[in-house]
1. Val132 versus (1) modelled with pLDDT of 90 or more; (2) of a type in the set (A, V, I, L, M); (3) part of a loop (DSSP other than H, G, I, E, B): which is the lone unmet condition?
2. Got at least one residue in region 126-138 being surrounded by 19 or more Cβ atoms within 10 Å (Cβ to Cβ), under 25 Å from Arg287 (Cβ atoms), of a type in the set (Gly, Ala, Ser) and touching a strand residue (DSSP E or B) at 6+ places or on another chain (Cβ under 9 Å)?
3. So, in region 187-199, how many residues would count as being surrounded by fewer than 24 Cβ atoms within 10 Å (Cβ to Cβ) and touching a residue at least 60 places away in the same chain (Cβ under 8 Å)?
4. Take residues that are of a type in the set (Val, Ile, Thr) and tell me which of the strands (runs of 3 or more DSSP E) falling wholly in region 150-268 contain 2 or more.
5. Which condition from (1) at pLDDT 85 or above; (2) farther than 26 Å from Val120 by Cα is the one that Met81 breaks?
6. Among the residues that make up region 145-160, is at least one of them closer than 18 Å to Thr206 by Cβ and surrounded by fewer than 22 Cβ atoms within 10 Å (Cβ to Cβ)?
7. So Ser166 passes all but one of these: (1) under 27 Å from Asp275 (Cα atoms); (2) among the hydroxyl-bearing types (Ser, Thr, Tyr); (3) at pLDDT 95 or above. Which condition number does it fail?
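The values are calculated or read from the model by the stated rules, or taken from the named source; none is laboratory data. The model shown is predicted, which means the values in this text are computed figures rather than measured ones. We place every Cβ from the backbone using ideal geometry, glycine too, and count neighbours over all the protein chains shown.
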Amino acid sequence: MPVSPEILKQVKAIELRTRGLVGTLFAGEYRSVFRGQGMEFAEVRSYEAGDDFRTIDWNVSARLGTPYVKTFTEERELTLMLLVDQSGSTRFGEPVTKAALAVEVAAVLALAAAFHNDRVGALLFADQVERVIPPRKGRRHALRVIRDLVAFEPAGRRTNLAASLSYASRLLRHHSIVVVLSDFIAEGWERPLRQLAARHEVVAITVDDPREHVLPDAGWIEMLDAESGRRVLVDTGSRDVRTRITGLATRRRDERSRTLTSIGADEVALETGQDYALPLRRAFARRARRIHRG
């Protein structure tokens, strides 16, 4: 399918804009963050003092009557799968939309994967899975992923995050790193995300816009639900109304964070209008420290 010059121009702009971030920020942290997640079984050996008890092979130990542990070797390459929400609720935000922010962060991760010779693929969705790019290696493939992300126009407006997570679970046959970029404004995603996290390493990059939880004092304004098309009048001049909306949005975010933590997914919270490099770096550094401690 031919690609318009405008799309190619946007891809080139993203590549140039993120080159420094990929080359410096993720040069060491990308591998450190995902170290040990691409592991394959090597052998069992006798337990030695200081071994992690979690690596004990209980079946072999019971059969031989003495403790044995499993040993693993790190795979030379990882598979990174990007699940990118492009539903109606993400088409909101300034100076960039949540959808555009998700695309650019996904582009950074795709280029980082190519930099480390890992496989990268993408799954784009709205009310259903609309585009799947199977994981492959190489910079050319990473640029193709970015091109498809930039050019994508969803057919639907609503969000079916649950179905998209279930689709990813069926698609990925081997242990992978799954990065979900979404505002998580959807229903019923908790169980399929838990099932996905049981077999894969999951990182949830949440994208929000500040105006979703802090309304300006602008009098009566008409607000549009980007997914249902429903319009409502809201009196933003009322302090009680602004406080109530802020409280609801805060509770939604807090509940989302608690759920992601309980599932075992790492959360990286991003907002439109803010530089995403620093939150990404801090989140990856925290994750790397935790992995090394473990």
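1. (3)
2. Scanning region 126-138, I find no residue that is surrounded by 19 or more Cβ atoms within 10 Å (Cβ to Cβ), under 25 Å from Arg287 (Cβ atoms), of a type in the set (Gly, Ala, Ser) and touching a strand residue (DSSP E or B) at 6+ places or on another chain (Cβ under 9 Å), so the answer is no.
3. 3
4. Numbers: elements: 177-182, 201-208, 220-224, 231-235.
Because the criterion is at least 2 residues that are of a type in the set (Val, Ile, Thr), the strands (runs of 3 or more DSSP E) in region 150-268 that meet it are 177-182, 201-208, 231-235.
5. (2) is the only condition that Met81 fails.
6. Scanning region 145-160, I find at least one residue that is closer than 18 Å to Thr206 by Cβ and surrounded by fewer than 22 Cβ atoms within 10 Å (Cβ to Cβ), so the answer is yes.
7. All conditions are met except number (1).
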